[in-house]
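The values are calculated or read from the model by the stated rules, or taken from the named source; none is laboratory data. Bear in mind the structure is a predicted one, so any value in this text is a computation, not a measurement. Cβ placement follows ideal geometry from the backbone for every residue including glycine, while neighbour counts extend to all protein chains displayed. Calculation scope for accessible area: heavy atoms of the full protein, side chains included, ligands and nucleic acids excluded. Shrake-Rupley method; radii C 1.70, N 1.55, O 1.52, S 1.80 Å.
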Amino acid sequence: MPRKPPLGQHFLTDDRARHAIADALGDISARTVIEIGPGHGAITTILAPRCRRLIAIELDPALAAELRFKLRAHLNVEVLHADILTTDLAALIPPGETADVIGNLPYYITSEILLRLFSLARANLLSRAVLMMQREVADRLAAAPGVRDYGLLSATTQLHARVESLFTLPPTAFSPQPAVFSTVLRLDFAPRFTELSVDPTGFDRFLHACFAQKRKTLANNLRAAGYSLDQITAAWPDTIAAQARAESIPLEPMAALYRALTAPPHPAQSHQPE
């Protein structure tokens, strides 16, 4: 009877899929690649001879030891027994360079991992990521404004990267089989803060306020966040309908509203709302 994975892992066993995932990174011959959760090395063993440097981060100590032995002949490979959420990923990337990321993200910490990657992307430390995750989460990341799946995670992801959905795998592609389908996405990091003329920290807080209550209109969410009706009315762009919800609004008009709300008042027009 096979040993039950202690951390709830589902290991990729489909041979075509593991090669397709590795291929999706493109030419990595001169690249540093960080792999999240390599497991038994289904993708690691393909990447090892392809890239200049491979850093595999594995939480399970037994699997980390297995990988070190399996890849002992590859001097460009480093296997870290570590938690991806507490590892200083920036310290793994050579100064002046960017890295690529690949991995099968654990379902229960997918969002947390993504936020860590976005932070690295804002620091110009990442170029591309090929990530496998639960299909429902992947659909949210790739969703366009105006569809049901579009939300804060969609906006945040598309603010940091171009998102491409590559393919979906059934539970039979894994052992043990998960209860869900998994989708592979490719993220080409290209943060849009400069293009949209917004500051990362402030705009991130603004987006959280905009999406705070899904059933509320954008204006009501902003009022709940502390903006006055006069402020909202004065800043409201013509490109946003009065009763619109955040889920229906692209990033460009959302950024225009943020800029108008946060712009300092013109000295000649400065006044206190009555």
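Can you compute the FRET efficiency between L261 and T194 using 1/(1 + (r/R0)^6), with r the Cβ-Cβ distance and R0 = 25 Å? Round to the nearest 0.05.
Calculated transfer efficiency: 0.85.
Give, in nm to one decimal, the length gained when the segment between A82 and L115 is fully stretched (0.36 nm per residue of separation minus the Cα-Cα distance).
10.1 nm
Collect residues whose amide H, placed 1.01 Å from N in the peptide plane, falls under 5 Å from the amide H of F167; neighbours closer than 5 in sequence don't count.
Distant-sequence amide H within range of F167: V184.
Return the distance in nm (one decimal) between the two label points of a simple spin-label model at T233 and A90, each offset 7 Å from Cα along Cα→Cβ.
Output for this residue pair reads 4.4 nm.
Mind listing the long-range amide H neighbours of L80? Cut-off is under 5 Å, sequence gap 5 or more, other chains count too, H placed in the peptide plane at 1.01 Å from N.
A56, I57, E58
Remind me, relative contact order of region 71-195 in percent, using alpha carbon pairs under 8 angstrom and six or more residues apart?
Here the relative contact order equals 24 percent.
Using a probe radius of 1.4 Å on heavy atoms only, what accessible surface per residue do you get for region 166-274? Whole Å² is fine. Working shown, then result.
Numbers: 6240 Å² over 109 residues.
Value returned for region 166-274: 57 Å² of accessible area per residue.
Suppose the chain between A123 and K70 were pulled fully straight at 0.36 nm per residue; how much longer would it get relative to their current alpha carbon spacing?
15.7 nm
Taking each pair of distinct Cα atoms in region 131-274 once, what is the resulting Kirkwood hydrodynamic radius in Å?
Working: mean 1/r = 0.0592 Å⁻¹.
When all Cα pairs of region 131-274 are included, the Kirkwood radius is 16.9 Å.
Residue by residue, what Karplus-based ³J(HN,Hα) values in Hz, rounded to whole numbers, does region 223-231 have, using 6.51, -1.76 and 1.60 with θ = phi - 60° and x for Gly and Pro?
Couplings: 5, 5, 7, x, 7, 7, 4, 5, 4 Hz.
Can you compute the radius of gyration and Dmax for the chain, using only the Cα atoms, both in Å?
Cα radius of gyration and Dmax of the chain are 21.6, 79 Å respectively.
Could you look at the chain and say what percent of its accessible area is carbon and sulfur, using a 1.4 Å probe and all protein chains?
Carbon-and-sulfur percentage of accessible area, whole number: 53.
If I take R0 = 22 Å and measure r between the Cβ atoms of T13 and R162 in this structure, what FRET efficiency does the formula 1/(1 + (r/R0)^6) give, to the nearest 0.05?
Details: r = 30 Å, r/R0 = 1.36.
Working from the Cβ atoms, E equals 0.15.
Applying a 10 Å radius around every beta-carbon, put 222-235, 46-59 in order of their mean neighbour count, most first.
Per-residue mean Cβ counts within 10 Å order the peptides as 46-59, 222-235.
Between V180 and A242, what is the FRET efficiency for a Förster distance of 30 Å, r being their Cβ-Cβ separation, to the nearest 0.05?
0.20
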